[in-house]
1. Measure out, as a whole number of angstrom, how far apart the alpha-carbon centroids of region 89-111 and region 1-72 sit.
2. Excluding residues fewer than 8 places away in the same chain, name every one of the lysines whose C-alpha is closer than 23 Å to that of K65.
3. When only the heavy atoms of the protein chains count and the probe is 1.4 Å, how do W36, W112, W53 rank by accessible area, highest first?
4. Averaging over all projection directions, find the projected area of the Cα convex hull of region 73-113 and quote it in nm² with one decimal place.
5. For the residue pair S63 and E89, what label-to-label distance in nm results when each label sits 7 Å from Cα along the Cα-to-beta-carbon direction?
6. Would you mind calculating the relative contact order of region 1-74 from Cα pairs under 8 angstrom and at least 6 residues apart, reporting the percent as a whole number?
7. Show the residues, 5+ positions off or on another chain, whose built amide H is closer than 5 Å to the amide H of L86.
8. Using modelled amide H (1.01 Å from N, peptide plane; none on Pro or chain starts), what sits under 5 Å from the amide H of T91, excluding residues fewer than 5 places away?
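The values are calculated or read from the model by the stated rules, or taken from the named source; none is laboratory data. Being a predicted model, the structure only gives us computed values, none of them experimental. Cβ coordinates were reconstructed from backbone atoms using ideal geometry, including for glycine residues, and neighbour counts include every protein chain displayed. Heavy atoms of the whole protein, side chains included, go into the accessibility calculation; ligands, DNA and RNA do not. Shrake-Rupley method; radii C 1.70, N 1.55, O 1.52, S 1.80 Å.
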Amino acid sequence: QVQLVESGGGSVQAGGSLRLSCANSGRTPNYYRMGWFRQAPGKEREFVAAISWSGLNIDYADSVKGRFTISRENAKNTLYLQMSSLKPEDTAVYYCAAGSLRSRDAAQYFYWGQGTQVTVSS
């Protein structure tokens with residue numbers, strides 16, 4: 001069983017930083033490729049970043065590259081997203097997900113967290 005729970009969301013001013021966490025609280029260790037997606041009201045869910053189990057293969061959406069850093073700590077079954085230089089356009093519900101394929105397609109991810117709200121004000 002894989003149960004993903006996001007935390008760390010909140011409200012910040014533009015230019016600020018937040019670190020999101022995604023913990024696997026299920027009984028099965030998280031050996032999957034992990035990703036972050038986000039969805040704003042009225043918009044489609046979009047890919048943010050992904051990382052392989054080893055941490056050696058990392059992918060970022062162009063909109064966040066250079067500002068966000070994805071990482072994972074497998075011993076704690078936890079995924080992170082360090083977000084810096086935040087913009088109002090980053091406002092969304094952020095979801096972590098687990099899959100097995102190298103993909104930016106949400107359909108290729110098997111498990112999803114509940115989401116955590118990130119709000120960036122001007």
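1. Result: 8 Å between the Cα centres.
2. List returned: K43, K87.
3. Output order, biggest surface exposure first: W53, W112, W36.
4. On the way: hull surface 16.0 nm².
Spelled out: convex hull of the Cα atoms, projected over all directions, averaged, 4.0 nm².
5. 0.8 nm
6. 21 percent
7. Distant-sequence amide H within range of L86: G15, G16.
8. For T91, whose amide H was placed from the backbone, the distant partners under 5 Å are V120.
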